[in-house]
1. Could you report the accessible area of ARG90 in Å², rounded to 10, computed with a 1.4 Å probe on the protein chains as they sit in the structure?
2. Rounded, prolate or oblate: pick one for segment 106-152, where a ≥ b ≥ c are the square roots of the eigenvalues of its C-alpha gyration tensor, a/c under 1.5 means rounded, and failing that, prolate if a/b is larger than b/c, else oblate.
3. How would LEU24, LEU233 line up by accessible area, probe 1.4 Å, largest first?
4. Taking the Cα centroid of segment 114-130 and of segment 154-214, what is the distance between the two, rounded to the nearest whole Å?
5. Mind checking the per residue accessible area of the chain for me, 1.4 Å probe, whole number of Å²?
6. Can you pull the semi-axes for segment 14-248, root of five times each eigenvalue of the Cα gyration tensor, sorted largest first, whole Å?
7. Per residue of segment 35-50, in order, report the coupling 6.51 cos²θ - 1.76 cosθ + 1.60 (Karplus, θ = phi - 60°) as ³J(HN,Hα) in whole Hz, putting x for Gly and Pro.
8. What lysines sit close enough to LYS52 to cross-link, taking a C-alpha to C-alpha distance under 26 Å and skipping anything fewer than 8 places away on the same chain?
Amino acid sequence: MTEPQQTTTSTGKVALVTGSSRGLGRAMALELARSGFSVAIHYGRNQAEAEKVAAEAQGFGVQAEVFGADLTAPANASALVDQVIARMGRLDVLVNNAGITRDTLAIRMKDEDWDAVLQTNLSSAFTASRAAIKHMMRARAGRIINIASVVGLMGNPGQANYVASKAGLIGLTKALAKEYGGRGITVNAVAPGFIQSDMTAELNEDTRKAYLAGIPLARFGQPEDVAALVVFLASDAAGYITGQTIGVDGGLYPH
Ligand code: NAP
């Protein structure tokens, strides 16, 4: 175990962030750890990166465990939740963050590109949430935070599969918030704009310039900008917020 760099007061709660081996998920897991949550770090392919994130999280004096699961198969997402509960003893916060893009115009989009994006981004978030809710209902408390996207609200050419998955996540958020509010479970969505990560590094210079021109705060976001909202939604202070979709987009798409 790494030497504590800055020990925090433990909340006694466990948070699972899917796709926390890198990018936004990594920042969310580390900020949750800094705030005293024990964290389940999940990876798809990058186990070594996930181990590094866990070591960094342990530096805050909390428990951090690593879990691997390929979320292109939704059954793996519910199994992941069950494994986290079995190994860490409880689950208080589920952040459905893992996501992929397979961009192309709709007329050229293959069925497998549609299916892979919908299954990873939406169906796995559903099966993970279903498994988590069963556990959270017994505790009469829980937080589910779905990482959607500004494009799920505004649409975007070349991303029919991704946009549909993110709009679906926003709908899922509203439905689950209504079903389980009475059980003390809040469900919210976060809609990031253009955030610097491996996902956006793939975009060409013209697309990046076009996005930047539309951002009133005149900069791209950082993973920590999104992580700060996730930590707030996971905190006791956010206990009366549910069914919402909150943008972190520098003003790109006010709604
Ligand atoms: P990223 O850098 O590409 O990281 C994606 C994460 O998801 C990785 O940890 C990856 O794990 C995991 N993942 C991907 N496919 C998986 C699979 N089949 N099974 C299991 N895990 C899988 O992406 P990001 O930019 O951090 O985005 C995180 C989330 O924010 C996504 O849902 C994305 O749609 C959303 N978002 C991002 C932006 C942005 O500007 N970056 C904007 C709006 C919304 P491994 O590397 O271990 O495989």
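The values are calculated or read from the model by the stated rules, or taken from the named source; none is laboratory data. Since the model is a prediction, treat every value here as computed from it, not as a measurement. All accessible areas refer to the heavy atoms of the entire protein, side chains included, with ligands and DNA or RNA removed. Shrake-Rupley method; radii C 1.70, N 1.55, O 1.52, S 1.80 Å.
1. 100 Å²
2. Values: a/c = 6.73, a/b = 2.41, b/c = 2.80.
Because a/c hits 1.5 or more and a/b fails to exceed b/c, segment 106-152 counts as oblate.
3. LEU24, LEU233
4. Centre-to-centre (Cα) distance: 14 Å.
5. 46 Å²
6. On the way: eigenvalues 139, 75, 66 Å².
Semi-axes from the Cα gyration tensor: 26, 19, 18 Å.
7. Values per residue, Gly and Pro as x: 8, x, 8, 6, 10, 9, 8, 10, 10, x, 10, 9, 4, 4, 5, 4 Hz.
8. Within the straight-line cut-off, LYS52 pairs with LYS13.
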